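Contents: one structure, followed by commentary.
Computed from the coordinates by the stated procedures, all read-outs in this text should not be read as laboratory data. Values in this document were obtained by computation on a predicted structure and should not be read as measured data. When we count neighbours, we look across all protein chains shown, and the Cβ atoms used for this are built from the backbone with ideal geometry, even at glycine.
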Amino acid sequence: MVTNHNITLSFEEFSDPEELSTEDRILLNEAIAAAANAYAPYSDFRVGAALRLESGKIFKGANVENAAFPSGICAERSAISASVSNYPDDKPNAIAIAAFNEEGLTDEPVTPCGNCRQVIAEEESRSSTRIKLILGGKKRIYVIESIGTLLPMQFSKNNLRTNLP
Ligand code: THU
């Protein structure tokens, strides 16, 4: 027997940052500020991420590249590593991402790479919460309620063993 499944993706598109809530607009501005700290001499693509925790604290991250290319790290994982390292019990509730190419802020929102989607998914599961994604481009802003939208059918700890905490 064959069963067909369909997955529908839903997300919001805003045409202007003014339409975001104040806290989300602030977070996006923090991501834009973080991109200025990127170390991206190889790609010249500067990415900033800002993670907001339940307490209101914001952790910024930028991409940090390396001459040994795979040793570099993306902005999203920089931000998550920083927050988990400092406040592991303060649950994240949103992450904003913005990127700059040689022409400035990208026209279209940048969506997190596959590695970062996997790490954001683990962070949602680790902290039993949903992390809203705010992806800012010059032309539009996407707001996505959870990484599940960008990474359906996740590989998670449940796939490894059934009795993990
Ligand atoms: N990059 C990020 O930091 N986040 C993303 O979501 C996409 C890609 C970085 C990795 C690399 O330093 C540069 O952008 C070009 O891929």
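Comparing mean-square fluctuations of ASN115, ASN63, ASN93 from a GNM of the chain with C-alpha springs under 10 Å, the top value falls on ASN115. In this rough spin-label picture, where each label sits 7 Å from Cα along the Cβ direction, the TYR42-SER128 distance is 4.0 nm. The mean sequence separation of alpha-carbon pairs under 8 Å and at least six residues apart, normalised by the residue count of the chain, gives a relative contact order of 22 percent. For the range 61-111, the calculated P(r), taken from all Cα-Cα distances in 10 Å bins from zero up to the bin holding the longest distance, is 21, 43, 30, 6 percent. For the residues LEU135, LEU151, LEU27, a GNM of the chain with alpha-carbon springs under 10 Å puts the largest fluctuation on LEU151. Between the Cα long axis of helix 114-126 and the first principal axis of the chain there is an angle of about 60°, rounded to the nearest 10.
Ordering ARG117, ARG52 from the fewest to the most neighbouring beta carbons within 10 Å gives ARG117, ARG52.
Each other residue within a Cβ distance under 13 Å of GLU12 adds +1 if Lys or Arg and -1 if Asp or Glu, for a net charge of -3. Springs between alpha-carbon pairs under 10 angstrom, Gaussian network model over the chain: which of GLY148, GLY136, GLY114 fluctuates most? Top of the fluctuation ranking is GLY114. Sorted ascending by nearby beta carbons within 10 Å, beginning with the fewest, PHE11, PHE155, PHE100 become PHE155, PHE11, PHE100. The overall shape of the chain is rounded: from the C-alpha gyration tensor, with semi-axes ordered a ≥ b ≥ c, the ratio a/c is less than 1.5.
Working from label points 7 Å from Cα in the Cα-to-Cβ sense, the PHE11 to SER85 distance is 2.8 nm.
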